[in-house]
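The values are calculated or read from the model by the stated rules, or taken from the named source; none is laboratory data. Predicted, not measured: the structure shown is a model, and the values here were computed from it. FYI the Cβ positions are ideal-geometry reconstructions off the backbone, even for glycines, and counts take in every protein chain you see. Heads up: the accessible areas ignore ligands, DNA and RNA and are worked out on the full protein's heavy atoms, side chains in. Shrake-Rupley method; radii C 1.70, N 1.55, O 1.52, S 1.80 Å.
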Amino acid sequence: MSSPAKKKILALAALSLALALSACKEERLCASDEALCGLTCSTLATDRANCGACGHACEAGQVCTSGECVFGTAQNCGALGRTCESGERCVSGDCIADLYLACFNTSEVREATFELAAAGVPVATAAGPLSLAWLGDTLYVADSLNGTVDVLRFDPPAVRSTGTITIPAVGFSDLEFITAANGLLYVSNAAAQVLDVLDPVGKRIVDEIPLGAGAFPQGILVASASKAYVALNGLSEIAVVDVSGSGTCASPPCGSIAKHIPIPAELASPSGSPLPARLALSGGKLYVTLWNLKVDFTPAGSGRLAVIDTATDTLVTADGSHPVDLGAACQNPGDIAVQGQVLYVTCGFNPFDAPTSITGAAIVPVDVSSGAPAVHTALALPSNNAGAIAFCGGAGYVGDRASGAVLKYDPGSSSIVSTRALCPAPGTGGTPFVAAVACGI
């Protein structure tokens with residue numbers, strides 16, 4: 001064979017080899033979220049055989065999450081064989097349900113799924129759980145009737161309660177509300193007329209801020225590390241409280257009321273008092289529910305909202321905001337929640353001795369997207385005294401103050417899609433009462 005022919009054959013062979021190698025290399029290219037482990041493309045974030053790095057295999061019972069091997073299933077939550085209860089999911093080693101309910105008259109916290117199926121196991125609390133707040137992976141329960149805050153952890157298989165924080169009684173106990181912020185817990189202590197600030201780690205009171213005689217504090221909204229708003233129901237005003245020193249307080253009181261925002265009597269009906277109760281923040285405005293009740297605590301008229309500009313901490317007095325009238329379908333507002341740029345207010349009244357004699361029960365949407373509140377058509381609830389509301393997974397969940405029912409509310413269609421009794425009746429008389437609803441973490 002001539003030399004030119006040999007050169008041509010060698011050149012063709014070299015080209016074929018180069019193309020073959022190139023094709024092989026292209027076959028081994030992996031997607032941007034994958035790595036080449038041997039001859040296989042692997043997603044290191046979720047691959048149990050190559051978790052976080054090629055060749056790093058997870059143990060039996062573990063799953064690969066974000067490149068780490070964890071016991072993260074309901075069958076192996078936090079450790080091999082540690083099983084969650086029915087309807088619970090595993091979140092960072094804790095067994096968590098979709099919903100948590102404070103069952104006031106049976107003194108327990110119960111769990112449920114988004115579809116209102118009972119979940120988990122009932123957890124006993126002290127007397128009269130009235131309000132719930134998450135801080136990290138711990139659920140804190142304010143017990144109205146004996147001045148304690150239960151500390152609940154949902155750690156399988158059996159550890160559910162890890163103690164209590166005791167707030168000394170002043171003649172009697174009446175804890176009305178609890179919220180968490182800045183690594184602390186804030187509690188409305190209506191018996192002592194103070195805002196209690198609690199250290200959840202040390203399980204102790206670190207600050208007690210006087211709110212005034214007859215204040216009867218209700219809802220709390222912590223706006224920053226230095227400012228909290230407290231609804232003073234008995235004085236018909238909002239207290240702007242400086243809480244900047246509460247976390248490091250050595251000798252209470254360290255916090256103090258920085259400003260009083262009166263809720264004038266003109267915001268109620270002629271025969272009623274405003275009685276502010278629950279708070280919600282949206283677009284720089286604080287929205288305050290007003291019970292609008294007579295001296296005998298029966299409705300004087302429709303439920304109302306007061307509006308406060310948080311930049312100046314003054315009442316908004318523009319037409320339609322002074323007050324926001326929620327309409328005749330709404331009496332005695334129970335709670336308020338924000339979803340997007342819409343406020344949802346629950347309403348309803350029944351006499352203490354007649355839980356089935358319900359009037360003015362509804363869910364009222366209030367659109368605040370334009371700045372001026374626009375009250376939309378109320379969804380009447382003739383058979384349910386709507387109280388606590390929380391939005392979880394896009395749906396609203398409403399606790400009935402006159403029964404043990406929870407209502408699942410679709411904000412898109414403004415309708416109730418399902419209802420189920422989840423808090424049982426007490427064994428010694430009285431009615432079931434869903435006092436608070438919280439989403440799982």
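Along segment 386-401 the Karplus relation, 6.51 cos²θ - 1.76 cosθ + 1.60 evaluated at θ = phi - 60°, assigns HN-Hα couplings of 5, x, 4, 9, 9, 9, 9, x, x, 10, x, 10, 10, x, 8, 7 Hz to successive residues, with x for each Gly and Pro.
Label positions at VAL121 and THR65, each projected 7 Å from the Cα along the C-beta direction, are separated by 2.2 nm.
Over the chain, the Kirkwood radius and the radius of gyration, each from Cα atoms, give a ratio Rg/Rh of 1.17.
Stretching GLN341 away from THR312 to a fully extended chain increases their span by 8.3 nm, per 0.36 nm per residue minus the current alpha-carbon distance.
Comparing ALA118, ALA142, ALA277 in a Gaussian network model of the chain (Cα springs below 10 Å), the most mobile by mean-square fluctuation is ALA118. Note on VAL417 and VAL201: their simple-model spin labels are 4.1 nm apart, each label 7 Å out from Cα toward Cβ. From most to least packed by mean Cβ count within 10 Å, the peptides 259-272, 233-246, 402-415 give 233-246, 402-415, 259-272. For segment 304-372, the carbon plus sulfur part of the accessible surface works out to 51%, probe radius 1.4 Å. Between the beta carbons of LEU36 and GLU85, assuming R0 = 45 Å, the FRET efficiency works out to 0.60 to the nearest 0.05. Under 13 Å of direct C-alpha separation, and excluding same-chain neighbours fewer than eight residues apart, LYS259 reaches these aspartates and glutamates: GLU237, ASP242, ASP313. With the simple model of a label 7 Å out from the Cα in the direction of the Cβ, ALA425 to SER271 spans 3.3 nm. The mean accessible area for residues of segment 97-253, using a 1.4 Å probe and ignoring ligands and nucleic acids, is 33 Å² per residue. Ligands, DNA and RNA left out, the accessible area of segment 122-191 computed with a 1.4 Å probe is 58% carbon and sulfur. The charge dipole of segment 211-310, taken about its Cα centre with unit charges on the Cβ atoms of Lys, Arg (+1), Asp and Glu (-1) only, comes to about 140 debye. Considering only THR359, ILE416, ALA306, and ranking their Cα positions along the charge dipole of the chain that arises from unit charges at the beta-carbon of Lys, Arg, Asp and Glu, the one farthest toward the positive end is ILE416. Using a probe radius of 1.4 angstrom, the carbon and sulfur fraction of the accessible surface of segment 32-111 is 50%. On a per residue basis, segment 303-411 carries 36 Å² of accessible surface, using protein heavy atoms and a 1.4 Å probe.
Near GLY334, the amide H atoms lying under 5 Å from its own belong to THR346, CYS347, GLY348; only residues 5 or more places off or on other chains count, and H is placed 1.01 Å from N.
Amide H contacts of ALA191: ASP174, each under 5 Å away and 5 or more positions distant or on a separate chain (H built 1.01 Å from N in the peptide plane; Pro and chain starts excluded).
The length gained on full extension between SER383 and ASP296, counted as 0.36 nm times the residue separation minus their Cα-Cα distance, comes to 29.0 nm. Determine the alpha carbon to alpha carbon distance for each of LYS203/LYS285; LYS203/LYS408; LYS285/LYS408 and list only those over 31 Å. Where the Cα-Cα span goes over 31 Å, the pairs concerned are LYS203/LYS285; LYS203/LYS408.
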